[in-house]
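Since the structure comes first, as structure tokens, the remarks are kept for the end.
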Amino acid sequence: MAKRKDQHSEESVVSAALKKSKRQQSDNDIPSAQQLVVDLNALDAETFYSRYILSTSLSYTPQAPCDTQSYHLIFKESTDLDPSELDACFALIEATSRADYEPSSFGWYPNRKRAEMMEDDMRYLLVRRRDATPTIEKHGKTRIDTSIEGFLSFQICHDSVPLVPVLYIYEVHLAESLRGLGMGAHLMQLAEDIAAKIKVEKVMLTVFVSNSKALGFYRSRGYAVDACSPEDRKTRNKIVKTDHFIMSRAVKRQAGEINNSGASEWTLEV
Ligand SMILES: CC(C)(COP(=O)(O)OP(=O)(O)OC[C@H]1O[C@@H](n2cnc3c(N)ncnc32)[C@H](O)[C@@H]1OP(=O)(O)O)[C@@H](O)C(=O)NCCC(=O)NCCS
């Protein structure tokens, strides 16, 4: 699930200040960790892919005997998503998480969610069955690409306490038929590998307390509740329990960029 908007406030201030300072100052005046986020977000999808994503990791065949299909992952920026792909991702979030959003402090606001999904710095890993071509189906007012069976979206930003550069996983959702086959772990590993390559400090995410399956999944991957996660609130009469955790895992940095110059297509439709 996505992070709260009030988490953005401090980060937005830093980001705006950095963009301004980039115009006004020489590079030597800007703290390198903060400049990292600005520079990474300025990269176009092709450059980001060629530097930080191993092309072979975009192909995945589940090991479980019940599913012999293989899948390919497609790397895109929000601005490059087809409307039918965006609608497919939105439909997955609605199917898997609307019931958690509705009673929570976030509430369920479709337009707000779509706007967040289209934020400029949002990047996507879309999951498509290898033998499937884009299949557009009409669902009421929307046209959904039903060949998208899952996705992970992330942003590179500043977060946590103290403010550090992080890779923030906004969403990871799979169609029911694709769960429990290792695809979630594969997507997380890919995001964690990118985080190591770009040299941010942590991978972060937000999860509803009510989503015990996802909580178990993240804990099994080494994520723990972050120092900036909200705590239960004590009012005069009662304790208001937090309905979400912010979790994080420290990144083991890897040296060097990837050279994907031999890869056939940067869009990763392998
Ligand atoms: C959460 C989700 C992405 C996980 O992906 P997945 O493909 O089903 O999980 P995987 O098959 O990759 O599981 C990987 C590992 O995590 C472990 N794991 C998964 N769920 C677990 C749980 N509840 N408790 C403990 N470990 C768990 C698995 O046992 C597996 O370990 P193994 O490789 O040693 O067997 C997926 O189930 C999903 O899309 N759920 C619905 C949407 C959702 O809730 N998203 C999260 C929003 S915050």
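Values in this text are rule-based calculations from the coordinates and carry no lab data. Quantities reported herein were computed from a predicted structural model and do not represent experimental measurements. Here Cβ is always computed from backbone atoms with ideal geometry, including for glycine, and neighbour counts include all displayed protein chains.
Based on the Cβ-Cβ distance of D243 and A185, what FRET efficiency does E = 1/(1 + (r/R0)^6) give at R0 = 22 Å, to the nearest 0.05?
Values: r = 26 Å, r/R0 = 1.17.
E(calc), rounded to 0.05, equals 0.30.
Give me the dipole magnitude in Debye, nearest 20, for the range 191-248 about the Cα centre, with unit charges on the beta carbon: positive for Lys and Arg, negative for Asp and Glu.
Numbers: 11 positive and 7 negative charges, 51 e Å.
It works out to roughly 240 debye.
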Whole-Å distance linking the alpha carbon centroid of the range 139-157 with that of the range 72-126 is 6 Å
Checked against the positive end of the charge dipole of the range 114-210 (+1 on Cβ of Lys and Arg, -1 on Cβ of Asp and Glu, about the Cα centre), the farthest of H158, A132, T142 is A132
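Kindly flag which residue pairs out of K76/K138; K202/K252; K197/K252; K199/K252 have an alpha-carbon separation exceeding 20 Å in this structure.
Working: K76/K138 23 Å; K202/K252 9 Å; K197/K252 9 Å; K199/K252 8 Å.
Flagged as over cut-off: K76/K138.
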